[in-house]
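Have a look at the structure below, then the notes.
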Amino acid sequence: MPAVGGIGPGGGKEYPGNLTPFVTVTCIVAAMGGLIFGYDIGISGGVTSMDPFLKKFFMSVYRKKHNDKTTNQYCQYDSQTLTMFTSSLYLAALLSSLVASTITRKFGRKLSMLFGGLLFLIGALINGFAQAIWMLIVGRILLGFGIGFANQSVPLYLSEMAPYKYRGALNIGFQLSITVGILVANVLNYFFAKIKGGWGWRLSLGGAMVPALIITIGSLVLPDTPNSMIERGDHEKARQQLRKVRGVEDIDEEFNDLIAASEESKKVEHPWRNLLQHKYRPHLTMAIMIPFFQQFTGINVIMFYAPVLFGSIGFKDDSALMSAVITGVVNVAATVVSIYGVDKWGRRALFLEGGAQMIICQAVVAAAIGAKFGIDGNPGDLPKWYAIVVVMFICIYVAGFAWSWGPLGWLVPSEIFPLEIRSAAQSINVSVNMLFTFFVAQIFLTMLCHMKFGLFIFFGFFVVIMTIFIYFFLPETKGIPIEEMGKVWKAHPYWSKFVENDDYGHEVELNKGAVKNV
Ligand code: BGC
């Protein structure tokens, strides 16, 4: 069959440039922007299961939790108020990522990161000192605004800064920070929940100020990307910056291509409306489908509700929290694997392998839970080996996500958009991601209650579809300079229909000869 993977690595051009200490440190600092997102994902689930927190703000939920003596394990946590509190943040993030598009484009990636850090900082402060429910909600909205700004700008910053051969690894620093944030938050929740006097939740929520300060200070000291300087007309500074970032004198070819990309981008007056043009159909499709599918892997069922889920399948309080920590460790470790492999094995290989791994685990977990809990959700006594098998397969599933859809869900969109639509398309990516994170968070407990173990089959079905989608529609992007990416669409058997040969005029001739079978 014709190649669906696209053109070969290198794609024709080889800009000189090294993995200099300067670019490495810069990218590590910027990647820490993922900490705020991760910390929040990890902290909210734990806090909403702390009794003193529930008693203070959600009395009815507290009463239900303690008076409900139902044996149906599938339904005991179903509470709309509480999920609304958790997931309201994602709606705020959705809105702010749209605003961030203009700021990132007109004023640079750094300013959006700064806004992200500051908004998150104020949100964390209000939450840590919250006395009334309105303070919690205002705080959460500010946290959401912060995340929208950070997730919109950090992945773009990383992909522009990195030398193209190491772009995957450096960009995945963002996802690594997300996973570290989740893990740290889970561990902190575990200890803070034990504080006598019941104010541990204040530390959990207020602790978000630490990652917020890291990104705020980081954004002040970081240099701007050459791409963004050129986009804002500062050519000379951009040339010097590119030299410094790449660690070589001879940057002319890359510099000229960046200028050409920027000229192209200046012709575009309405980046949003532009996204609808025929030639951007592949980009728009990916900006929508990748985040949608990322959330429909069902990963956040585990990230938000691991203690609840493990509790439902028979773990006692402490061991349920402990299992959440174990999945957190697996999440971090598997992300490191993808940092190692993404520029060697490519994005497609990781997507396809990770997808297959998740499908198998979802089928096993559905069968295991179905066999014991049946339709009425009443398991009787659960043997220890059973719990171990379920946790093991959940861990293998998390590992599959953590080296595929997790990091690639942020990396691939950040590297495929041409400069003229990059900022707007990235905002679409973030908002779709947030919309479906909201959706999954909001309906999961109800789904668990009604679909029971079928829930795992539901998400498994989506993983099948997305794996097929990647196989046929996503070209390989490893080793292609970011401003050269247009050629992967031109060489793709399906997407080439949408891209004319003179689109992305600044690029070298399409290298059809480089098309290879996968
Ligand atoms: C996703 C989050 C998820 C996290 C888990 C991220 O890439 O966007 O929704 O919670 O990975 O590590």
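The values are calculated or read from the model by the stated rules, or taken from the named source; none is laboratory data. Bear in mind that the values here come from a model prediction, so they are computed numbers and not experimental data. Backbone-built Cβ (ideal geometry, glycine too); neighbour counts: all protein chains shown. These area figures cover heavy atoms from the full protein model, side chains too; ligands, DNA and RNA do not enter into them. Shrake-Rupley method; radii C 1.70, N 1.55, O 1.52, S 1.80 Å.
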Per the helix-only model, the chain has a calculated mean residue ellipticity at 222 nm (DSSP H runs of ≥4, -39500 (n - 2.57) each, divided over all residues, rounded to the nearest 500) of -24000 deg cm²/dmol
Computed D for the chain, Stokes-Einstein, Kirkwood radius over alpha-carbon pairs, 25 °C, 0.890 mPa s, to the nearest µm² per second, is 105
So residue 329 and residue 195, fully extended at 0.36 nm per residue minus their Cα-Cα distance, gain in nm 45.9 nm
Result for the chain: accessible area per residue, probe 1.4 angstrom, in square angstrom, of 37
Taking the stretch 105-236, the equivalent ellipsoid from its C-alpha gyration tensor has semi-axes in Å, biggest first, of 33, 17, 10
With a Förster distance of 30 angstrom and the Cβ-Cβ distance between residue 270 and residue 14, calculated FRET efficiency to the nearest 0.05 equals 0.30
The relative contact order of the stretch 141-251, taking Cα pairs under 8 Å that sit 6 or more residues apart, comes to a percentage of 19
Pairs over 26 Å Cα to Cα, from 194/452; 110/344; 55/372; 106/237, come to 194/452; 110/344; 55/372
Taking Cα atoms only, helix 80-107 is inclined relative to the longest principal axis of the chain by an angle, in degrees rounded to 10, of 10
Answer in debye to the nearest 20: the dipole magnitude of the chain about its Cα centre, from +1 Lys/Arg and -1 Asp/Glu charges placed on Cβ, is 1340
Residue 130 neighbourhood, Cβ < 11 Å, K/R = +1, D/E = -1, net charge +3
Computed over the chain: longest principal axis from alpha-carbon atoms vs helix 21-31 long axis, angle to nearest 10 degrees, is 40
Packing-ranked peptide list from 473-485, 222-234, highest mean Cβ count within 10 angstrom first, is 473-485, 222-234
Row for the stretch 387-475, column shape: gyration tensor on C-alpha, a ≥ b ≥ c, rounded if a/c < 1.5 i.e. under 1.5, prolate if a/b over b/c, else oblate; value prolate
Stretched fully, the stretch from residue 461 through residue 84 gains (0.36 nm per residue minus C-alpha distance, one decimal, in nm) 133.1 nm
Taking 36-43, 262-269 and ranking on average Cβ neighbours within 10 Å, highest first, one gets 36-43, 262-269
The stretch 421-480 and the stretch 163-198 have their Cα centres apart by a whole-number Å value of 21
Between residue 384 and residue 363, the FRET efficiency computed from the C-beta separation at R0 = 22 Å comes out, to the nearest 0.05, as 0.45
FRET efficiency (residue 131, residue 446; Cβ distance; R0 30 Å; to 0.05) is 0.45
Simple spin-label estimate for residue 279/residue 336, 7 Å along Cα→Cβ, in nm, reads 4.5
Once normalised by the length of the chain, the mean sequence separation of its alpha carbon contacts under 8 Å that are 6 or more apart gives a contact order in percent of 29
Extension length gain for residue 500 and residue 98 (0.36 nm per residue less Cα distance), in nm, is 141.8 nm
The percentage of the accessible area of the chain (probe 1.4 Å, all protein chains present) made up of carbon and sulfur atoms, to the nearest whole number, is 68
Tilt, helix 384-402 to longest principal axis of the chain (alpha-carbon atoms), in degrees rounded to tens, equals 20
For the chain, whose charge dipole is built from +1 on Lys and Arg Cβ atoms and -1 on Asp and Glu Cβ atoms, the candidate among 120, 17, 162 with its Cα farthest towards the positive end is 120
